[in-house]
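First up is the structure itself, then whatever we jot down about it.
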Amino acid sequence: MKLLLVEGLKRTPRQFWENLEAKGYSISPQQNASDCLPVLASENDCAVLVDVDYTKRGVEAIRDIRKVFPDVLILALASQEKLVALDKALEEGASDFLIKHPDLSYLEEIPYSLSRAKEKRDLRRQKELLQQRVNGLLLTMNDSQEGLFIIGADGKVLYANRVMLERLGYEAKDFIDQSADIFLPAVNDSNFTMREIPDLPIRRFEGRVPLRKKDGSEIPLPVSIAQFIDVKGEKSLIGMCHPLSLESYEEKTAISEYILHITQDLKGPLAAMIGYIEIAASLIPDGAEPNQSLSLQRIDALARHLLDLITNHTNALEIDAGKLEVHKVPLPLKQVLELAVQDRKPAASAKNIEIVLQTAEDLPSVPIDIFQMERALANMISNAISLSPAGGQITVVSETRGRELRIAVKDNGAGITGEELPYLFDRTKRSRRRGGDIDTVGLYVAERIIKIHGGRIDVESDALEGNALIICLPIEG
């Protein structure tokens, strides 16, 4: 590094500069600030040393150099009696300073002072770069068509962009620094689906939730939230409401209501059709052709499958609209398991699939909605039937493990692949495959029902041995 000496430092005895030259510095005395400028322009690795003791020209030199070269290292030196000159030097842009002593020992501190100045400069550059990026990010966030918000570890709103404020009817002064409870349900609410991010202290929550507006009304919107957990265990949230204006929301709600009415209208005739098929099957004489009974079985299986599809889509629409009703009562699960297995036996028989139920005798009672829980289990069994080969076997096993009650639905069909796994519970995705489709709509409904019950569905899969979807419910008390 070349050291440019300005003002009084030119009079320092040569022997002291020789010590710095021995450490790799190149010493270059200059008459004034103007003489420094061409050198600084032609060479990159330079620093300027300015003595501000004798005349105000030293302070002026720092000012003049800093105007042209805002990033150059400038070290100001002054005696104890002239500290006021150092204050002025720092105001004009000196990077660091040294206090002079009569024995000139302070010159040995020059390398350390330059090192500190360089660290300060680098930190300033990083701060400026970070600030530029933050400003650019804030501008992008504020212009985004999606509603964005940030909630701090203390639960207060740190930021909300223009769309978010407009959507909820707030002004920034009434929203920022307020508790997030004024608009957002608890993140652990059953409306959300939670996903852990492997190897990162981040959790993602997704779902359609009723956000509260300033006027007290609610607007259910699709929301994605990233929850960051720092080393202290404190949680901050960054959220995004997907681009959906109130008008488009109302339009989509009207469409969903229309579809819901259609599906509900279809369920009645289908249920009646299944009843007539059962009556027809009972009237077939004993000596009739085998294909007559088989044909009715196939028609019955198709009708039941169609009824299940309509029911699942109806349930999915109700879940999205926040209309799924759950009434939990502490009950043993054995009855629910038997109902779900019995309900799916006709579909299994059509593929010559055996359903085996293995229920532990000492299962504790857990608070459940028996109807909704039976629906979730039946959907999981239906998916296993779809994936299982003809003549296969499905096993439904229940047990307690620690403070959890676990119900596993196991099949011996083709394993769920790594590409299919992220979309297993996404009703908007269709996973079609040879031999049997994955029932993502039914699994979405099942996963949401289990979520409402405070549980989760784990997935275990092997390409050759099949799949296990495992309901895990917390045991209270």
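Which shape class, rounded, prolate or oblate, goes with segment 10-122 when its Cα gyration tensor gives a ≥ b ≥ c as root eigenvalues, a/c under 1.5 marks rounded, and past that a/b bigger than b/c marks prolate? Note, shape of segment 10-122 comes out rounded.
Between the amide H of G466 and those of G415, distances stay under 5 Å, these residues lying 5 or more places away or on another chain, with hydrogens modeled in the peptide plane. Efficiency by 1/(1 + (r/R0)^6): what FRET value for L138 and Y423, r their Cβ-Cβ distance, R0 = 25 Å, to the nearest 0.05? Rounded to the nearest 0.05, the efficiency is 0.15. For K100, go through the aspartates and glutamates and keep the ones whose alpha-carbon is under 13 Å away, minus same-chain ones fewer than eight residues off. Answer for K100, where 13 Å is the Cα cut-off: D51, D53, E81, E108, E109, listed by chain and number. Here each label is just a point 7 Å from Cα along the line to Cβ, and for S224 and V356 those points are 4.3 nm apart. Greater than 21 Å separation of Cα atoms is the criterion. Which listed pairs, K82/K127; K88/K120; K351/K410; K67/K88, meet it? Listed pairs above 21 Å: K82/K127. As a calculated quantity, the FRET efficiency between V329 and V39 at R0 = 60 Å, using C-beta atoms, amounts to about 0.10. In this simple spin-label model, placing a label point 7 Å from the Cα along the Cα-to-Cβ direction at both E399 and L83 gives a separation of 7.5 nm. Excluding same-chain neighbours fewer than eight residues apart, the lysines reachable from K2 by a Cα-Cα span under 17 Å are K10, K23, K118. Between the beta carbons of A281 and D215, assuming R0 = 60 Å, the FRET efficiency works out to 0.55 to the nearest 0.05.
When the residues E325, E43 are ordered by accessible surface, computed with a 1.4 Å probe over the protein chains alone, the sequence from largest down reads E325, E43.
The values are calculated or read from the model by the stated rules, or taken from the named source; none is laboratory data. It should be emphasised that the depicted structure is a prediction, and the values quoted were computed from it without experimental measurement. Using ideal geometry, Cβ is built from the backbone for each residue, glycine included, and neighbour counts are taken over all protein chains shown. SASA here: full protein model, heavy atoms, side chains in, ligands and nucleic acids out. Shrake-Rupley method; radii C 1.70, N 1.55, O 1.52, S 1.80 Å.
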